[in-house]
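For reference, the structure is listed below as structure tokens.
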Amino acid sequence: LSTLPPLPAAATATATPSPSPTLTATPTETPTPTPTPTATPDLPPRLAYVSNRSGAPQIYTIFADGSGDTQLTFAGRNDRPFWAADGSQLFFASDRSGQLALWAMRPDGSEQTEGFAAPAALNYSLSPDGQYIAYAGAAAGDFDIYLDNSIWAALPGDQIEYVWAPDSSRILFENAEGPQVLYTIARGGQPLQITEESYGSWNPTWAPDSRRLAYASTQDGNAGIYTFDLSGGAVQRLTPMDVWSQAPTWAPSGAAIAHISGEGDGSWGLYLVSADGRGRIRLFGPVFPEAPAAWSSDSRLLAFILHDGDQELALIAGDGSGFRRLTDNSADDWNPVWQPR
């Protein structure tokens, strides 16, 4: 700060000074303190899932601590939930209007709206960037993959199961004609065959970088988990040859792949293998063999399906700690999907 100049010297007074007035102090009003706002605690992560506990399949949500188990849909059959990328909407398939259509609602179940419908359609999905709707449709005879009402992937036989790449550039899909064969196709491109007809391949999942994929395959005899590099075509088996493994799901961090393997006694366990195949651990068992686990967005937790006579939801951390059963009823609960955070 600059220095203020000195005040000039006062002139010498010659007159008799007037008495100084008496000053009355004015009390200063003490300001009312502004209350410190109370921090709203973060809610635990939330999952959507499907249950038939009320009869037909319906959409439910539940928090990761087991609280807030809430039924959101009631009319018709409702399944295959998935979240918008920002977590603000929950999409699902419903037949309540007379045909299977893609619907949307808020996370609390409000504002349920029919968004898109196509004749003879299954497996609606929205691209991760929210720009495109895909589905499996049989308008032309066999089931083909459609993109916004135009055939995208058409091969002999049926193409029903598919999965979007995280960057929305392409999909992976299965050809269900004969042995299951995996293909990938970019928007506006032609199908690229990934696996061969001489063996079966299924349960494809993308790496978060959209450049690699994992899948289950019998290409070496006993089914195992494999990765495929789109840039160079390199294939690697990650699981032991002496156990049957399937249902892989790649962690959002890219570091590990969850999968399900046979236990040797007729049961199945949930396992984790590093993406380079160098380490593998068992997390829990018994689990439902055909249901891939679902990763939380921070790669810390896995939601999976217990197999104890019926199907129930459970959670476990990626290091095998913190097991928590989320549902316990006489019905089946399945298809858990985490709300993005």
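None of the figures in this text is laboratory data; all of them are computed from the coordinates on show. Please read all numbers here as calculations on a predicted model, not as lab measurements. Counting neighbours? That spans all protein chains shown, and the Cβs are built from the backbone with ideal geometry, glycine included.
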Cα-based shape type of region 206-277, given that a ≥ b ≥ c are square roots of the gyration tensor eigenvalues and the cut on a/c is 1.5 | oblate
With label points built 7 Å along Cα→Cβ from the Cα atoms of Ala139 and Ala75, find their separation and express it in nm.
-> 2.5 nm
The exposure ranking of Glu111, Glu263, fewest beta-carbon neighbours within 10 Å first, is Glu111, Glu263
Expected unfolding gain across Ile151-Arg53 under the 0.36 nm per residue rule, minus the alpha-carbon gap, is 31.6 nm
On full extension of the chain, what length is gained from Asp276 through Gln193, given 0.36 nm per residue of separation minus the C-alpha to C-alpha distance?
-> 27.6 nm
Between region 231-256 and region 61-127, what is the C-alpha centre distance in whole Å?
-> 30 Å
How many nm is it between the label spots at Ser297 and Ser97, if each spot is 7 Å from the Cα in line with the beta carbon?
-> 2.8 nm
By its C-alpha gyration tensor, with a ≥ b ≥ c as the square roots of the eigenvalues, how is region 149-217 shaped: rounded for a/c under 1.5, else prolate for a/b larger than b/c, else oblate?
-> oblate
Cα shape, region 222-341, gyration tensor, a/c 1.5 rule = oblate
What are the residues whose amide H is under 5 Å from the amide H of Ile59, where those residues sit 5 or more places off or on another chain and H is modelled from the backbone?
-> Leu72, Thr73
Residue exposure sequence - Val163, Val50 - by fewest surrounding Cβ within 10 Å | Val163, Val50
Find how much the distance from Phe63 to Glu177 grows on full extension, using 0.36 nm per residue of separation minus their present alpha carbon separation; answer in nm with one decimal.
-> 37.1 nm
Please arrange Ser110, Ser51, Ser168 by counting, for each residue, the other beta carbons lying within 10 Å of its beta carbon, fewest first.
-> Ser110, Ser168, Ser51
